[in-house]
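To start, the structure under review is shown below, and the notes come after it.
The values are calculated or read from the model by the stated rules, or taken from the named source; none is laboratory data. Small disclaimer: the values here were computed from a predicted structure and weren't measured. In this analysis, Cβ positions are derived from the backbone assuming ideal geometry, glycine residues included, and neighbour counts consider all displayed protein chains.
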């Protein structure tokens, strides 16, 4: 899968972070630095990041716009939803 062509509003490098820090940093960043409909490009190497990001999006009302596995890391683009849980 290729990288998304959209230009994200924010870039968040989460390489090296593991749960629970991984999900807490992401949640805090979305709540403090993003407005509804803004996008965040995330680079991560947390082994369970697929599950964690999908659950976070479901719980907080965000949309996972893109995800790709690049072997040693994964990338995601999340669009922040209107709800701020």
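Residues being over 19 Å from residue 81 (Cβ atoms) and in contact (Cβ under 8 Å) with a residue 40 or more places away in the chain: count how many of those fall in region 1-20. First the steps, then the outcome.
Step one: list which residues in region 1-20 are over 19 Å from residue 81 (Cβ atoms), which gives 1-3, 5, 7, 11, 13-20.
After this cut, where a residue has to be in contact (Cβ under 8 Å) with a residue 40 or more places away in the chain as well, the list is 1-3, 15.
Number satisfying all stated conditions: 4.
Filtering region 45-85 down to residues that are part of a helix (DSSP H, G or I) and without any contact (Cβ under 8 Å) to a residue 12 or more places away in the chain, which residue is nearest to residue 6 (Cα to Cα)?
54
In this structure, is residue 23 surrounded by 17 or more Cβ atoms within 10 Å (Cβ to Cβ), closer than 26 Å to residue 82 by Cβ and touching a residue at least 24 places away in the same chain (Cβ under 8 Å)?
yes
For region 27-75, which residues satisfy the criterion of being crowded, with 17+ Cβ neighbours inside 10 Å, within 16 Å of residue 14 (Cα to Cα) and touching a helix residue (DSSP H, G or I) at 6+ places or on another chain (Cβ under 9 Å)?
Those that are crowded, with 17+ Cβ neighbours inside 10 Å, within 16 Å of residue 14 (Cα to Cα) and touching a helix residue (DSSP H, G or I) at 6+ places or on another chain (Cβ under 9 Å): 30, 40, 42, 44, 46, 49, 52, 53, 56, 67, 74.
Go through (1) surrounded by 15 or more Cβ atoms within 10 Å (Cβ to Cβ); (2) at pLDDT 95 or above; (3) in a helix (DSSP H, G or I) for residue 12 and report which single condition fails.
Exception for residue 12: condition (3).
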